[in-house]
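The structure under discussion appears below in the form of structure tokens.
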4 protein chains.
Amino acid sequence: MSTFRELGKSLSNWGRWGNADEIGTLNLVGPEQLRAAAQTVSSGEAVSLGLPLDAHGPQPGQHQGTERYNPIHLVTEKGYAPEYRGDICVADDHISMPLQAATQFDALAHISYDGQMYNGFSNRSVTWKGAEFCGIDKVSAGVAGRGVLLDVARHHGLETLPPDHVISSAELDAVVAQQGVSVEPGDILVIRTGWVERFKAGLSVGEFWAASPGLSLESATWLREHDVAAVCADNNSVEAMSSLPDGPVSPSDPEQAWVFHMVTIRDMGLTLGELFDLEELGAACARDGRYEFFFSAPNLRVAGGLGAPLNPLALR
Amino acid sequence: MSTFRELGKSLSNWGRWGNADEIGTLNLVGPEQLRAAAQTVSSGEAVSLGLPLDAHGPQPGQHQGTERYNPIHLVTEKGYAPEYRGDICVADDHISMPLQAATQFDALAHISYDGQMYNGFSNRSVTWKGAEFCGIDKVSAGVAGRGVLLDVARHHGLETLPPDHVISSAELDAVVAQQGVSVEPGDILVIRTGWVERFKAGLSVGEFWAASPGLSLESATWLREHDVAAVCADNNSVEAMSSLPDGPVSPSDPEQAWVFHMVTIRDMGLTLGELFDLEELGAACARDGRYEFFFSAPNLRVAGGLGAPLNPLALR
Amino acid sequence: MSTFRELGKSLSNWGRWGNADEIGTLNLVGPEQLRAAAQTVSSGEAVSLGLPLDAHGPQPGQHQGTERYNPIHLVTEKGYAPEYRGDICVADDHISMPLQAATQFDALAHISYDGQMYNGFSNRSVTWKGAEFCGIDKVSAGVAGRGVLLDVARHHGLETLPPDHVISSAELDAVVAQQGVSVEPGDILVIRTGWVERFKAGLSVGEFWAASPGLSLESATWLREHDVAAVCADNNSVEAMSSLPDGPVSPSDPEQAWVFHMVTIRDMGLTLGELFDLEELGAACARDGRYEFFFSAPNLRVAGGLGAPLNPLALR
Amino acid sequence: MSTFRELGKSLSNWGRWGNADEIGTLNLVGPEQLRAAAQTVSSGEAVSLGLPLDAHGPQPGQHQGTERYNPIHLVTEKGYAPEYRGDICVADDHISMPLQAATQFDALAHISYDGQMYNGFSNRSVTWKGAEFCGIDKVSAGVAGRGVLLDVARHHGLETLPPDHVISSAELDAVVAQQGVSVEPGDILVIRTGWVERFKAGLSVGEFWAASPGLSLESATWLREHDVAAVCADNNSVEAMSSLPDGPVSPSDPEQAWVFHMVTIRDMGLTLGELFDLEELGAACARDGRYEFFFSAPNLRVAGGLGAPLNPLALR
């Protein structure tokens, strides 16, 4: 297999939408795709694909040596506030959280190599002020279009793929065939591994991060060929991940972590959605055999954000 | 006019959807409404109705004597992280914010009087743990359905309604007639005053909060009669607001603040959306004369939240 | 034994330093006491009595159902910042923490009963703006004076008192006698139980909070008779604590939690210092038999704070 | 004048206290100095040199393009908490703040150039985990010793030095002579410019940061010759600062910002204390002509901190 650099170069979308482009493959969803996507709504269900924001999320936190912790929610005012006239009781609250803590989109500025981000922007443009280029705020209306669920776990008759399962292109083809769906340019691909469900069912945070099933580096080629607009999954990082004692590595390249991230985000300009919860959607699709839906996922508009939390919806 | 307590009692939805109900008028949007709403998408535009989250938002902050401040965004990691193998540069970030800081839904637990919240839940159930009942997490898939823009500012030929403008029921009827739309049960009403646009155009934070145009207390009856599912507006608080030196009052009842909030949220169980940005939507609707759209507004799923930020969309 | 209310009334210091007083027994440390305290410095050692602020502290955090979590420390800027001229690399950082997370003083506004705080101030004066009266900012130069260590654990020949050990007045007398010290009006009493050391040695956070050795309710009388200015201890709450499944109770009154807090803080106006680390001080005092020292403990001047973190020193 | 690099090399303390040393000139305060310092306490006054932590501090905040904002203080619990038994009302609170927001010590890891920090540690050792070397936690008992106030403003008969005033070595000698004090090895020098007082008196935040009086680069030689242990001042940055529209520069080297910081912190290993409030201390010293005192300044023990807030005391 070629190195991730060679693969990245061969799949690159740099310049495809102009040298100033900051949103990459999201350019593939235009008015026509959006209109067609809305037509897929038939049973009138709105299914949330987002994890709750609370202290019980999947982040190990600083005591486990990562800067990512679960959201901290503080009620900051409650009472018959003296500055209000009359008979009123108001309650306010506050949140502190890493933007990467729960269900989220990675901004294209989130990861880079050799000093460059997607479309050649310098990674020096990310400062304490946030991302000058390719920040999540450039995705101002979020990701909306036709979503397609590929339920890889169900395809294998499993509740959850095992942690060392690396999803190949051939496997994606097999799921597509079995489900009887097509994947079209501009689609938002939603990959179900069952891994987040397993965490919800009691897997420890440590085990959740030690390794997870996910896409292979090689599947990036498949994604490029199908020209999908975004890929979301119910695992840690969309891509398969495993860890050595001194940190994460990629099953696709044990000398290197996050190779899929680097090729898809930095070279292809592909938006990734992580830590999705696909339990309810998976069950609904299996029930009626409809795997396409209207995907509406407007992220918070964090100025210069390197990612943003959101509550993505499947409207079906 | 009756007192707000009398009005609240006459418009009450307590028990209408059972004694355990925690989402109020959102019960009015069912599968049929959602499916019909999706059919309104015709030009394939996705319009964000959310303010950016940054330091330049409308909150005065603690130095001005309010607990609400603008979001603080911190880049917390950037660099070739030593714990990652290989040639990778990752950037992460973090946000701290009041959940009421920018474009938001109020949870039904946000406001109460006489010790009770919507549907009779005790306001003692709001503790430092958040809202046990009627929290924003009960609105797990956000608000989705048929949105109708009532552009009150344009109706008057104004860019912005003056700060002392109190919108009456008769005025809502006039806008409906002029725009040629209907308002049906389960619709999400979006009221444009132009006030947030004026802030964006340079109005000071102090002036923004001193008074704002908005709905009258009396309009609550109109909302109840039309059985709308939610009301959102591009002002501070949906309702008209004015302030005396010692705090806010309601133009509808100068002895009392937030009377519309109390009747709509607490008695009717109506979800309010505040600090929306309707500049782009208003222009788009005026351009082609279509004032209905698919409203998709999935709030963050903050467990026990008294409100939640979001990036609402009009899909048209 | 009398109820805590009766005891509180009998030990009350309300009005003793005027009706406007907000610092209680800290009035007992005047210039004379401070000057004398400085004279106790003889070996020239500065011993920190503060816990480090990090993710490994004693707080269970929100996932364990308490609003108190360990400090979160974020590095927010590092790099050759573009807005600086020249060859400079600056690193900044940020902290979020409950003021009660680690070594701390309780403000007199921290606890109240029957609607009143120390000296009769209404507990309604604590709002989202903080404490209008009796906030920690009223202790602007912290607590400085003659410190006396009473090493109760060593007195019993133990490394750590058992979690159900409730320290009586008679026991304090015995330690005073054994150590050959006197306790004078205006002294700062430092009580060593060994409990924080046991946490540092590996006791789980759950066990740390389930119960802890500490002062009895009855010892409040002893503290009042000796007119100490403040009491600090290396346990959770100065007072002995035990827990039932549904929350903490006081060994001195199993119907009631925090009875010692209520009598000492609210009735006596006594400043309490919690979560001190007395490992090094205990060893130093045992080594040379000197149990008095210059206690210098300037808390952060948090405006309206209900407590404040600090790094207390024993200068000996 | 030599470049800052040449000056830094000539004043360097690298290796002076061993190659593993992480606290630099604080090594100059030993038991003898501490004991002697305690003897200077004569009138029994404790004077706080710290600014209050509130929303009215000197930080411009993110809306002015800096990552430093004033502390945010949130009351997070107040009420008769349901999980406590009995008649108790507890109030807790929370703070979020940049460690550089108010009165603070810079850690030696705070600034570097040419890839190296004090004593040759690599600046790559500062990661999102904080400072592995030379963090503020290495100063575990804070800075305690003999303090000497040099009241430069009063020396000139001014309330505040003008913003373009750059304090020279000759000037320090003149103040020493006029005040009749000596500066000895291991002393903590406290420089009064009046600049923070001017902010407290109403100077705008913008003017406060546009330029400030302070020490010259050349004075680093004087500090090295006198072998002081630390230098604190009532201005932004100890050193004189001025700004061009695109960022700060140093009056001592207009091509370069923070030259004094780089030479003192990085080359000399000198601890700097910033944003001190010397109003009360200046008045007290002027009143009785005693300019020496016991300086007790225990910073918060932030693990890996690049600085830490504190409430420094002058005990006199």
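Tabulated data
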quantity	calculated
Selected residue (criterion: modelled with the highest pLDDT) from residues of the range B:46-99 that are among the charged types (D, E, K, R) and under 27 Å from B:Val143 (Cβ atoms)	B:Asp54
Per-region count, the range C:238-271, residues within 13 Å of chain D (Cβ to nearest Cβ) and either under 15 Å from the mean Cα position of the chain (by Cα) or of a type outside the set (Asp, Glu) (or both)	23
Neighbours by Cβ (under 7 Å, 6+ apart or cross-chain): first from the range D:188-199, of a type in the set (A, V, I, L, M, F, W, C); second part of a helix (DSSP H, G or I) and open to solvent by less than 10 Å² (accessible area, probe 1.4 Å)	D:Ile191/D:Val152; D:Phe199/D:Phe208
Of all residues in the range D:159-176 being within 27 Å of D:Val41 (Cα to Cα) and out of contact with any Gly (no Cβ under 6 Å at 6 or more places or on another chain), the one that is surrounded by the fewest Cβ atoms within 10 Å (Cβ to Cβ)	D:Asp173
Residue match in the range C:210-218 (condition: touching a helix residue (DSSP H, G or I) at 6+ places or on another chain (Cβ under 7 Å), closer than 21 Å to C:Ser48 by Cβ and of a type outside the set (S, T, N, Q))	no
Hits in the range A:25-50 - residues which are among the aliphatic types (A, V, I, L, M) and closer than 21 Å to A:Glu279 by Cβ	A:Val41, A:Ala46, A:Val47, A:Leu49
One residue from B:Gly214, B:Gly282, B:Gly273 being free of Cβ contacts under 8 Å to residues at least 60 places away in the same chain and either touching a Leu at 6+ places or on another chain (Cβ under 9 Å) or not hydrophobic (A, V, I, L, M, F, W, C) (or both)	B:Gly214
Positions within the range C:83-110 being more than 7 Å from chain D (Cβ to nearest Cβ) and in contact with a Ser or Thr (Cβ under 8 Å, 6 or more places away or on another chain), in sequence order	C:Phe105, C:Asp106, C:Leu108
All positions within the range A:93-110 that are in a strand (DSSP E or B) and either touching a residue at least 40 places away in the same chain (Cβ under 8 Å) or open to solvent by 10 Å² or more (accessible area, probe 1.4 Å) (or both)	A:Ile95, A:Met97, A:Gln104, A:Phe105, A:Asp106
Residue count for the range C:119-139, restricted to those that are among the small types (Gly, Ala, Ser) and under 16 Å from the mean Cα position of the chain (by Cα)	1
Selection from the range C:268-286 of residues that are outside any strand (DSSP E or B), open to solvent by less than 10 Å² (accessible area, probe 1.4 Å) and within 30 Å of D:Glu77 (Cα to Cα)	C:Met268, C:Gly269, C:Leu270, C:Leu275, C:Phe276, C:Leu278
The range D:117-158, residues that are among the polar types (S, T, N, Q) and either under 18 Å from C:Ser48 (Cβ atoms) or surrounded by 24 or more Cβ atoms within 10 Å (Cβ to Cβ) (or both)	D:Asn119, D:Ser140
Where a residue in the range D:228-248 is modelled with pLDDT under 95 and its partner, wherever it lies, is surrounded by 24 or more Cβ atoms within 10 Å (Cβ to Cβ) and assigned to a loop (DSSP other than H, G, I, E, B), with Cβ under 6 Å and at least six apart	D:Pro248/D:Ala257
Residue count, the range A:293-310 (criterion: closer than 15 Å to B:Ser48 by Cα and at the interface with another protein chain (Cβ under 7 Å from one of its Cβ atoms))	7
Residue within the range A:31-50 that is closer than 24 Å to A:Cys232 by Cα, aliphatic (A, V, I, L, M), more than 7 Å from every other protein chain (Cβ to nearest Cβ) and under 20 Å from the mean Cα position of the chain (by Cα) present	yes
Contacts under 6 angstrom Cβ, first residue in the range C:111-128 being within 14 Å of chain A (Cβ to nearest Cβ) and farther than 19 Å from C:Phe260 by Cβ, partner in a helix (DSSP H, G or I) and at pLDDT 95 or above, 6 or more apart	C:Val126/C:Ala109
Near pairs, Cβ below 9 angstrom, 6+ apart or cross-chain, from the range C:4-17 (surrounded by 17 or more Cβ atoms within 10 Å (Cβ to Cβ)) to any residue that is modelled with pLDDT under 95 and hydroxyl-bearing (Ser, Thr, Tyr)	C:Phe4/C:Tyr113; C:Phe4/C:Ser250; C:Phe4/C:Ser252; C:Gly8/C:Tyr113
Selection within the range C:111-136 - of a type in the set (S, T, N, Q) and either assigned to a helix (DSSP H, G or I) or under 18 Å from C:Leu270 (Cα atoms) (or both)	C:Ser112, C:Gln116, C:Asn119, C:Ser122, C:Asn123, C:Ser125
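One line per residue, one yes/no per condition, for (1) in a helix (DSSP H, G or I); (2) surrounded by fewer than 20 Cβ atoms within 10 Å (Cβ to Cβ); (3) of a type in the set (S, T, N, Q):
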{"residue": "B:Asn19", "(1), (2), (3)": "no, yes, yes"}
{"residue": "B:Asn27", "(1), (2), (3)": "yes, yes, yes"}
{"residue": "B:His56", "(1), (2), (3)": "no, yes, no"}
{"residue": "B:Gln59", "(1), (2), (3)": "no, no, yes"}
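Conditions tested, residue by residue: (1) crowded, with 22+ Cβ neighbours inside 10 Å; (2) under 18 Å from A:Pro163 (Cβ atoms).
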position	(1), (2)
A:Val238	yes, yes
A:Ser250	yes, yes
A:Gln256	no, no
A:Arg266	yes, no
A:Asp288	no, no
A:Phe293	yes, no
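The values are calculated or read from the model by the stated rules, or taken from the named source; none is laboratory data. What you see is a predicted model, and the numbers here were worked out from it, not measured in a lab. All Cβ positions, glycine included, derive from the backbone under ideal geometry; neighbour counts span all protein chains shown. The protein model used for the area step is the full one, side chains on, heavy atoms only, and it has no ligands, DNA or RNA in it. Shrake-Rupley method; radii C 1.70, N 1.55, O 1.52, S 1.80 Å.
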